[in-house]
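Notes to accompany the following structure.
Computed from the coordinates by the stated procedures, all read-outs in this text should not be read as laboratory data. The structure displayed is predicted, hence computed values, not measured ones. With ideal geometry, Cβ positions are generated from the backbone for all residues, glycine too; neighbour counts draw on all protein chains shown.
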Amino acid sequence: ERTIGLSGRKSLESGTGLLFIFEKSGKYGFWMKDMMFPIDIVWISESRRVIGVEKNISPNSYPTLFYPKEAVKYVLELNSNDAENFGIDIGSMLYFDTKK
């Protein structure tokens, strides 16, 4: 599931995203394999501070891999431009509940 992510979908509902939760912090790489629309990737530390944002990544960028500059525990994929629209930038603190 994690490898597939948003691949193969025609779109992502407005105002939503896909949150990846890793067991431990690391420098996880993401690609645009089989993606059909551009996205923003938000790199989030274990303390839930945004440590990086890749904006408007095109499906044509495949096979390029995108990595955070430091270890992350969470990665959030959003529609292109949503990071800016929601005011998410380096240093932002994100609040979300990971309990199931």
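Computed quantities for the displayed model
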quantity	calculated
Two-decimal log10 I(q)/I(0) for the chain, as the Debye equation yields it once each C-alpha is a single scatterer, q = 0.13, 0.14, 0.19 Å⁻¹	-0.41, -0.47, -0.91
Under-26-angstrom lysine pairs by C-alpha in the chain, whenever the two are 8 or more apart or on separate chains	20
Mean separation of Cα contacts under 8 Å (6+ apart) over length of the chain, as relative contact order %	33 percent
Scaled radius of gyration (Cα, divided by 2.2 N^0.38 Å) that the stretch 54-100 gives	1.32
Given charges at beta-carbon only (K, R positive; D, E negative), |dipole| of the chain in Debye	280 debye
Residue (of Gly8, Pro38, Ile57) at the positive-pole extreme of the chain, dipole from beta-carbon charges	Gly8
For peptides 52-65, 7-20, 34-47, sequence by mean Cβ density within 10 Å, most packed first	34-47, 52-65, 7-20
